[in-house]
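Structure first, then comments.
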């Protein structure tokens with residue numbers, strides 16, 4: 001029977017931690033706030049003491065079952081909210097916010113223009129020129145600018161392949177993903193998971209503000225954590241993801257041509273028009289497909 005309890009305890013513990021770090025932190029914080037509301041450390045001791053004796057094993061397991069259900073269910077809800085919240089943070093806002101969206105876009109376009117006008121190194125420090133160049137990489141073309149910093153970081157990574165190679169990353173992504181080698185695909189999945197995790201942490205932090213009904217200062221803690229996540233963690237994760245999206249097109253874009261049996265571009269000058277034709281042929285204009293397919297390369301997915 002002891003072995004049974006140990007195995008059950010281990011399984012529940014593993015399931016609890018597998019539900020997600022942010023969710024677990026939220027519920028630990030919620031218990032802390034509840035304990036403060038109920039009397040502080042004395043309440044914790046009175047609550048946990050009966051669970052520490054030999055007769056408390058069943059009670060501990062019951063508490064763990066409830067905890068697993070609570071953490072798992074709430075984590076599932078947050079997972080479903082992650083993409084909609086990410087879209088809002090990027091700047092995909094409802095029509096009612098059109099005026100605010102336009103003002104924010106104008107502001108970021110002006111910021112982009114200022115960076116483009118940084119004088120060459122002869123007139124300014126090399127450090128300023130490099131800093132401006134790095135900052136500009138986080139902006140898409142002027143017509144594509146988004147109303148938020150996060151939106152511009154992600155949009156820049158998505159639009160760079162179109163600017164350089166004529167390939168619209170959003171349109172060709174399903175086909176391109178299928179022909180990516182294992183390691184780049186794993187790196188992209190990891191980067192996207194990290195971005196989703198950061199957005200999830202933001203959601204948990206905002207949700208924790210509701211605990212102010214038990215302890216008023218908790219709203220300050222929740223807002224502070226949410227601001228820190230929004231200001232640093234989410235942009236850093238988005239920058240890594242956007243850079244990898246651009247990088248896989250730099251190194252593996254010809255895999256897409258080969259998989260579709262489209263002739264590869266023969267020169268850098270020719271590539272943007274070829275890429276645009278490929279994009280349109282996959283999206284809405286089959287007439288943009290080549291008149292003849294390229295020779296079969298034996299399904300080799302390695303980049304030449």
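The values are calculated or read from the model by the stated rules, or taken from the named source; none is laboratory data. Just so you know, these numbers come straight off a predicted model, no measurement behind them. Positions of Cβ are generated from backbone atoms using ideal geometry, with glycine treated the same way; all protein chains shown enter the neighbour counts.
Just so you know, in the range 278-294 the residues that are buried (at least 17 other Cβ atoms within 10 Å of the Cβ) and touching a residue at least 24 places away in the same chain (Cβ under 8 Å) include one that is farthest from residue 83 (Cα to Cα), and it is 278. The single residue among 105, 153 that is closer than 29 Å to residue 23 by Cβ and either touching a residue at least 40 places away in the same chain (Cβ under 8 Å) or part of a helix (DSSP H, G or I) (or both) turns out to be 153. Of all residues in the range 164-211, those that are farther than 23 Å from residue 72 by Cα and without any contact (Cβ under 8 Å) to a residue 40 or more places away in the chain total 8. For the range 186-215, which residues satisfy the criterion of being in contact with a helix residue (DSSP H, G or I) (Cβ under 7 Å, 6 or more places away or on another chain) and within 30 Å of residue 259 (Cβ to Cβ)? 187, 188, 191, 192, 194, 195, 196, listed by residue number.
Condition check ((1) surrounded by 16 or more Cβ atoms within 10 Å (Cβ to Cβ); (2) assigned to a loop (DSSP other than H, G, I, E, B); (3) assigned by TED's automatic domain parsing to the domain that holds residue 29) across all residues:
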| residue | (1), (2), (3) |
| --- | --- |
| 199 | yes, no, yes |
| 222 | yes, no, yes |
| 225 | yes, no, yes |
| 250 | no, no, yes |
| 262 | yes, yes, yes |
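For the range 170-181, filtering for residues that are over 20 Å from the mean Cα position of the chain (by Cα) and surrounded by fewer than 16 Cβ atoms within 10 Å (Cβ to Cβ) leaves 3.
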